[in-house]
Amino acid sequence: MIKITLPDGSIREFPKGVTGYEIASSISEGLARNVLAAKVNGEVWDSTRPIENDATVQLLTWNDPEGKSTFWHSSAHLMAEAIEALYPNVQFGIGPPIENGFYYDIDLGEKQLSQDDFAAIEKKMLELTKEKSAFQRQPISKAEAIEYFTQKGDKYKLDLLKDLPDGSITFYHQGNFTDLCKGPHIPNTGFIKAAKLMNVAGAYWRGDEKSKQLTRVYAITFPKQKELTEYLERLEEAKKRDHRKLGKELELFAFSEKVGMGLPLWLPKGTLLRERLEQFMRKAQVKAGYSPVVTPHIGSKELYVTSGHYEKYGADSFQPIRTPNENEEFFLKPMNCPHHCEIYKTKPRSYRDLPLRLAEFGTVYRYEQSGELHGLTRVRGFTQDDAHIFCRPDQVKEEFTKVIDLVIYTFKTLGFEDYTAQISLRDPENKAKYIGSDELWEKAEQAIIEAAHEKNLTTVTELGEAAFYGPKLDFMVRDALGRKWQLGTIQVDYNLPERFQLEYNGSDNEKHRPVMIHRAPFGSLERFVAVLIEHCAGNFPLWLSPEQIAVLPISEKYHDYAQQVYDRLMQEDIRGYIDNRDEKIGRKIRDAEVKKVSYMLIVGEKEQENEIVSVRKHGEGDLGNMTVDLFVNHFKSIIAETFGQ
RNA sequence: GCCUCCAUAGCUCAGCUGGUAGAGCAACUGACUUGUAAUCAGUAGGUCGUUGGUUCGAUUCCGACUGGGGGCUCCA
């Protein structure tokens, strides 16, 4: 007998070789039916794999993230089986579970897979589930594994096998399909009740741009048909929040083929929104001791040779602009830091002057690969809420911490609760990608880790994600469709001060080198607005709303009074419009609701007589009558609450 | 940049297997003078993204280009 410790702490005895499934059966039949895998001493196993020694066991179902990923991993095998059955002689790359479903990278040879083929594959998958084929685990020697895939002619599996140590290799079989796989898997294919192929895409083998591009098939499966339906409905809902769709509908921004791809045009309403955000940040930065500066949109080639950006990005940038007579070269500025370094150098600095915090809403231009452009989140021209803090080495941590506070304050005011702080360090395997000495890097990385720790940020650490000049702390948020984007960023840089020979006089009357901190709480206004739109589904907080009010006269007779009300609100810096069309009030209200106008002020006979307005709030409905003064007070108190300054 | 899908009126879309286009909304005109999510009627609006080719004939089939979507690679 062996002792099995369950998650509730209870210890039960089972015969040696008991399986997760059998343990579940001993608890309840329902649980046994739903067990997808078992976590044995922290490792996820097949629920059918015998447990030979005392162990801590957690039974995993669809409700556990690891249960889901096991389910989807098995589904990837099922899809591969279906595809192999329909298109023989295909070769398989890898097929892992992902956040929502799974994919399989497949070399289909000449065959081009399209949406039209999806139905057939889905049908085949569901057909195969009816057979309830068990997923069978088979430990196998490396030689035999190589033999099998050589015979099958799957060069990708052979490529994978190259890196696997003999003795730890396992195959999994289900039905007529055999895959190199370390598992674990669900008991049998019968658990899968609904399958949907989502899309196909190209993906380079091993993520290497130089190797062959395989067809990546994305799909998702569920243990119940109903869950698939719900998932698809949620996706539809998310699409409604897409900033590209709302940006067009609410007339916030647009793109023009003639202007150029990735170059956003900010429409009047979008500009109003953006300017309010800028104003918010300006205020916060003044309070935090920043000095605004302005620098030009271009800079001479020499500036970027000095900064090192020319060497690193010169060939991949927008190519330089040349002056007609002297043939001097200027680059569109891809970042503001070199300009700010030159501002630092305009006069000798004392240790007493530091930290010097130079802030600029700097518009920068970067050549992004055409396939990478995406709405406002990835563009070729954008404005950073940039600043560079020049400080003494002993001030780095304090300054860094203050910036974290500013970022958190910003996110909180805008209602972003769901973000992750990512500590981006350099790739220890590939140090040649970065500039600067090991010693400086280690100091910088340490400063970030400590500051993040002191602020109790929940962080993830990513190796190889650092900027080429220094490590950074990035604040990541998700868009409506779950894609991750970097918003705020804070970066320590010991390198640029070196390259620009920045100095200050210390208390010892010696020359010292300052440290730079690059930071942008929004990151870029464009990306921030994109994520903000999706976050609030276009229903902006009142202080940001491009159309805060609409004055809606019941008929032409009340246009004068409506104008009076409107003028009064304008004086109070409240933005909106009057709807003077010859339409019924129901129509005016509907149009204002669709435009997501925060407040509708309806004026007719009784409002005019009593000098009041009838207030209707977007998405909520009629709030009743009040005087204009009372409305203004109500309005301002809401702004004070949400704006938080 | 690469793979793949897509491109019809200002917007959302219809137009089966080739015979030069239609709806709703928006716009404009007129009537209605309106009380909390769409008043009625009329008018106008498109070299069917661009460009080659196949064809007697192409919005429809094929190629290229441009732009967009999804992904890969990249992201100072």
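About the centre of its Cα atoms, the range A:3-51 shows a dipole size close to 80 debye [charges on the beta carbon of Lys, Arg (+1) and Asp, Glu (-1) only; nearest 20 debye]. Note on chain A: Cα-only Rg and Dmax are 30.5, 94 Å.
Karplus-based coupling profile of the range A:305-322, in residue order and whole Hz: 5, 4, 6, x, 5, 4, 5, 6, 10, x, 5, 9, 8, 4, 6, x, 8, 10, with θ = phi - 60° in 6.51 cos²θ - 1.76 cosθ + 1.60 and x standing for Gly or Pro. Most tightly packed first, judged by the mean number of other beta-carbon atoms within 10 Å of their residues, the peptides A:245-253, A:489-497 read A:489-497, A:245-253. A straight line joining the Cα centroids of the range A:156-178 and the range A:422-461 runs 36 Å.
Solvent exposure of A:Asp629, expressed as accessible area, is near 90 Å², computed with a probe of 1.4 Å over the protein chains only. Relative to the dominant Cα principal axis of chain A, helix A:225-241 is inclined by about 20°. Over all directions, the projected convex hull of the C-alpha atoms in the range A:66-235 averages 9.7 nm² in area. Placing +1 on the Cβ of every Lys and Arg and -1 on the Cβ of every Asp and Glu, with nothing else charged, gives chain A a dipole about its Cα centre of roughly 340 debye. Entry note, the range A:528-585: relative contact order of 39 percent, from Cα contacts under 8 Å with a spacing of 6+ residues. Relative protection proxy for A:95-104, A:321-330, from highest mean packing down: A:95-104, A:321-330 (other beta-carbon atoms within 10 angstrom).
Rounded to the nearest Hz, the phi-derived 3J(HN,Hα) couplings of the range A:514-522 under the Karplus curve 6.51 cos²θ - 1.76 cosθ + 1.60 (θ = phi - 60°) are x, 10, 9, 10, 8, 7, 8, x, 6, where x marks glycine and proline. Amide H contacts for A:Leu214 (H built 1.01 Å from N in the peptide plane; partners 5 or more residues away or on another chain; cut-off under 5 Å): A:Ala203, A:Tyr204, A:Trp205.
Quarter the surface of the alpha carbon convex hull of the range A:202-315 and you get the mean projected area, 14.4 square nanometres.
Sequence-distant contacts, meaning Cα pairs under 8 Å at least 6 residues apart, place the relative contact order of chain A at 9 percent. Lys and Arg at +1, Asp and Glu at -1: add these up for the other residues within a Cβ distance under 13 Å of A:Thr642 and post the number. Net of charged neighbours comes to +2.
Relative to the dominant Cα principal axis of chain A, helix A:65-86 is inclined by about 70°. Annotation: amide H of A:Gly362 within the under-5 Å range of A:Gln384, A:Asp386, sequence separation 5 or more or interchain, hydrogens built in the peptide plane. DSSP bridge analysis restricted to chain A gives an antiparallel fraction near 85%, rounded to the nearest 5. Across all C-alpha atoms in the range A:549-643, the radius of gyration and Dmax reach 12.3, 37 Å. For A:Glu249, what is the net charge nearby, where nearby means another residue's Cβ is under 15 Å from its Cβ and Lys, Arg count +1, Asp, Glu -1? In short, +4.
Look at where the Cα atoms of the range A:82-106 and of the range A:569-630 average out, and the two centres are 56 Å apart. Between 0 and 90 degrees, the angle of helix A:525-536 with respect to the longest Cα principal axis of chain A falls at about 70 degrees.
The values are calculated or read from the model by the stated rules, or taken from the named source; none is laboratory data. Every value quoted in this text rests on a predicted model; they were computed, and no experiment measured them. Every residue, glycine as well, gets a Cβ built from its backbone with ideal geometry; the counts of neighbours run over all protein chains shown. The accessibility values were calculated without ligands, DNA or RNA, using every heavy atom of the protein model including side chains. Shrake-Rupley method; radii C 1.70, N 1.55, O 1.52, S 1.80 Å.
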